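Following: one structure in structure tokens, then a few remarks.
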Amino acid sequence: MRRWQCRLAAAGALLAVVLALCVAGPRSPAPLRFAPGGRFKVALFADLHYGENAWTDWGPAQDDASDHVMAAVLDAKNPDFMVYLGDLVTANNVPVANASLYWDRAVSPARRRGVPWSKVFGNHDDIPFEWPPEWFSPAGVSPVDCPPAAPAMPDPGCSFQGTPWVKLMTAELDRACGLSRSSVGPGELWPGVSNYVLQVLSRERHNPALLMYFLDSGGGSYPEVVSCAQVTWFQSQARFLNPDGRIPELVFWHVPSTAYVKVAPRATGEIRKPCVGSLNEADVAPQVAEWGMMDALARRSSVKAIFVGHNHGLDWCCPYEKLWLCFARHTGHGGYGDWPRGREDC
């Protein structure tokens, strides 16, 4: 059995223990709420890229390092909430039918510490498997024996196609022990999946004091874009939940919009005011088109910032109209680039 198969089998056994604990003590999601003193600390983890090159020594070592980064951040910062900003897995490198074992590994640091979380999908989370060129060398193709399925899990089978987004999200919610706030969004926004809004309540009252919108920015199985239908959905939700614009709003998706290109510091140049940040080592790689979402957000004074991932060499915020456009630091050791890993707090 190859190393990646052994590791997946071990992960499946660990998942079985987690599922047993959830069954023994199920928890319904508690309302998100500001802490005393008005604090609601959010940790952003972007581009973890679990499962990358899993058949090599390098790949599993990167996953171990990503585990350590998240554990260190959670223990040092003690956030109230976590947002996974997409590309949790490198699905084009996952040679098993069910990528949910890696998906589950990505959330395990939060689950062990009882920290609630939410996710948006990235372009690598459901991208089809890409055959490694080295598998066609004299050493030949790696065995395709499938790791044994964990109890209460479907048999992963022997396909080289990753698990679709809806199945990944459903599996996450089944195993979250009441901590995941992720959601499969409205069907009319298909093929987008991670479209939903969360309310954070004030400390003393049951009134919302913050709204967080999560949007699917595509990639993988369909173009990298926020659709016109998503714009209409956002406007409808905003009118219903925040008609007078008194509640601050934050927005999260994975692939930056074209507006990021307009405000970005010169590539590889110094980050100067009014921008702030610590890393500017790449050009912005934006969505393929803009269908009105940025105009809709810019017209709402209640929208304070948008947070994205995707570009590993960027970690900055720049003003756009009356809001901030921000990149979260590349968290995972999988994925390209050797810049220092980290996280962002907001």
With only alpha-carbon pairs counted, each pair once and no self-pairs, how large is the Kirkwood hydrodynamic radius of region 163-254 in angstroms?
14.4 Å
Output for region 217-301: GluC sites (Glu not before Pro) sitting in coil per DSSP, at most 16 other Cβ within 10 Å, listed by number, reads 270, 281, 290
Could you please tell me the mean projected area of the C-alpha convex hull for region 243-346, averaged over all directions and given in square nanometres to one decimal?
6.9 nm²
Starting from one equal scatterer on each C-alpha and no solvent at all, send me the Debye-based log10 I(q)/I(0) for region 226-274 at q = 0.17, 0.30 Å⁻¹, two decimals.
-0.75, -1.17
Under 5 Å between amide H atoms, partner at least 5 residues away or on a different chain: which partners does residue 224 have, H built in plane at 1.01 Å?
219, 288
State the percentage of accessible surface on region 245-337 attributable to carbon and sulfur atoms; use a 1.4 Å probe and exclude ligands, DNA and RNA.
52 percent
What's the local net charge at residue 49, with K and R +1, D and E -1, over the other residues with C-beta under 9 Å away?
-4
Given backbone amide H placed at 1.01 Å from N, residues whose amide H is under 5 Å from that of residue 324, ignoring those fewer than 5 places away on the same chain, are 305, 306
Long-range HN-HN contacts of residue 50 with modeled amide H, under 5 Å
89, 90
Solvent exposure of region 229-346 as accessible area per residue, Å², 1.4 Å probe
46 Å²
Anything over 26 Å Cα to Cα? Flag those among 77/262; 262/304; 41/119; 77/119; 119/304; 273/322, in the order listed.
77/262
Dimensionless Rg/Rh of region 66-135 - Kirkwood Rh, Rg from C-alpha atoms:
1.04
Which of the trypsin sites (Lys or Arg not before Pro) across region 191-251 are loop residues per DSSP, with 16 or fewer other Cβ within 10 Å?
203, 205, 246
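The values are calculated or read from the model by the stated rules, or taken from the named source; none is laboratory data. Remember, predicted model here, so these are calculated numbers, not experimental data. Every residue, glycine among them, receives a Cβ derived from its backbone with ideal geometry; neighbour counts consider all protein chains shown. Each accessible area value is taken on the protein alone, full model and side chains, heavy atoms only, with ligands, DNA and RNA left out. Shrake-Rupley method; radii C 1.70, N 1.55, O 1.52, S 1.80 Å.
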